[in-house]
Amino acid sequence: MNGHSSAPISGPPAPPSAVQQSADQRSTRAPLHPPPLSLYVHLPWCVRKCPYCDFNSHEGRGALPFAAYIDALLADLDHDLPLVWGRTVQTVFFGGGTPSLFPPEHIERFLQGASSRLRFAPGCEITLETNPGTAEHGRFELYRAAGVNRLSFGIQSFDDGCLQRLGRIHDSHEADAAVKLAQDAGFDNINLDLMYALPQQTLAMAEYDLERAFALQPAHISHYQLTLEPNTMFAAKPPQGIPDDDASWDMQEHCQALLAARGYAQYEVSAYARPGRQSAHNLNYWRYGDYLGIGAGAHGKLTLGHDASILRRWKVKHPATYLAGAGKADAIGGDDRIDPERRPFEFMLNALRLVDGFELDLFSLRTGLAQDAIAAPLQQALGYGWLEIEGGHVRPTEAGRRFNNDLVSLFL
C-alpha cells in the first residue's frame, strides 16, 4: 500500500457529503500534545532462530557480551535523552530475541542506569519477555529484585509436536514449570503467548492449548494466528498442514468464546486480559503514544514539542554494528518525520486494533489534526458497517475487526 491512495474495497459508496471535502479541511491543524512515554529495550540474541520469526533476533554463538551490551544501551539512551527531557517513563519493555538470556544482574544495572537518567512513574510497568527454555530456579526472584514486575512467556503451544514443528527449544513440561517458578517467585502479572492455526493443528488441539493456559491462571493471554512473514524460513519453505482460512477462522471464534467464558476480555485484536490486567505498554502503542527505542534494531516514535513534529527513529540492526556505534549517530539506522498527511493512517493502524476503539478527541491530541481530517473515511467506514460512532467515541464493529486491513486502508 502507498501513502496516497486506498486499496480497492467492496461495499456501499460513501455518502456524497463525506467525500466532497476540500484539501484545506483535511489539513486543518490542532495543538499537538506529547502523549505518555514508554521505553522499549531490544535484547537481540536467542538460543535458536524460530522458522516463523521475523524479529531482529540473532542466534547467540559462544559467550555473549552482556556487560558490553548494557554499556551500549546506556550510551544509546544518553544519546537520545535530549529528545525526551523532562518526560516521565510510564512503562518499560524488554523485547527480543530472548531477553531472559540476560542474567538478572545485567537487567538490574540497566534499570538502575535508566532510572537515574529518566523519571520512572510510580508503579511503572516493567515487562521482560521470557523463553521457558531459559528459565532457571532462582532467576525469577532476582528479576523481581531488579525491578521487573511483569513477565511475558513465549509458550506458543502446550503440544510437544506443535512446539517441535515451530522450532521451539522448550517442551510443554518446561512451559508449565517455568510459569510456576515465576509464580513461586511472587510474579502475579504474567502474560502467556499462544499461537493458533499451527501446522497440523486441529480445533481440539487449539482448545487444549487454552485449557492448559487457563490452568496456570495468568493475568493476560496473547492469542494470535501463525502467519508466514517474508524473509523467514517458513515463508521460503511453508510447513505441511497449515489450516486453511475457514479452519483458522473456526479456531479464532471458538477460542475467543472460551477466553470470554474464563474471564479474559478481549481488548485488542490478539490480546485478552482479566479485569485491570491489560498490558499498559502495548496500550500506549495502540493509543499512538510515544516510545523511546534503544538497542539493536529498536524503533521509537516521539512527539517533539519544540517544532510540533512526530519523529520515528530506528537503530542499526546487527548487534556488532550497534555495539560499535552506540552513543553516536553511527547507531541510528534512520530518522523519519511523520508529516500530517500520514498521521491519520498511522493513528488508525494502531487505534483500530482496540476493541473499544478511541475517543475522537484523542485523535486530535495525538496527531495535531482537527477531526475533520478523518471525516470522509469515517463516513465511508460507517457506510460499510465497519465502525460505530456514539457520543464522540469510535468503535470498530465485529465486521470492522474482521476486515481490519481494509478498514485501516480507508485512512491512507
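Odds and ends about this structure:
- Residues of segment 211-250 with amide N under 16 Å of the 7 Å Cα→Cβ point at GLN256: 222-226, 245-250
- Near the amide H of VAL316, within less than 5 Å, lie the amide hydrogens of GLY297, ILE332, GLY333, all on another chain or at least 5 residues away, with H placed in the peptide plane.
- Relative contact order computed over segment 37-285 (Cα-Cα under 8 Å; 6+ residues apart), in percent: 19 percent
- Cysteines in the chain that, by Cβ-Cβ distance, have no pairing candidate under 4.7 Å: CYS46, CYS124, CYS162, CYS255
- Cross-link partners for LYS315 among the lysines, with Cα-Cα distance under 22 Å and sequence neighbours closer than 8 places in the same chain left out: LYS49, LYS301, LYS328.
- For SER152, nonlocal amide neighbours, meaning residues 5 or more places apart or on other chains whose placed amide H falls under 5 Å from its own, are LEU128, GLU129, THR130, ASN191.
- For volume of the Cα convex hull per residue in Å³, computed directly from the structure shown, the correct entry in [x] 221; [y] 139; [z] 148 is [z].
- The chain - mean residue ellipticity at 222 nm from DSSP helices (-39,500 (n - 2.57) per run, n ≥ 4, rounded to 500): -10500 deg cm²/dmol
Readers should treat all values here as calculations from the given coordinates under stated rules, not as data from a laboratory. On a predicted model such as this, the values are computed, not experimentally measured, just so you know. Virtual Cβ from ideal backbone geometry, glycine too; neighbours counted across all protein chains shown.
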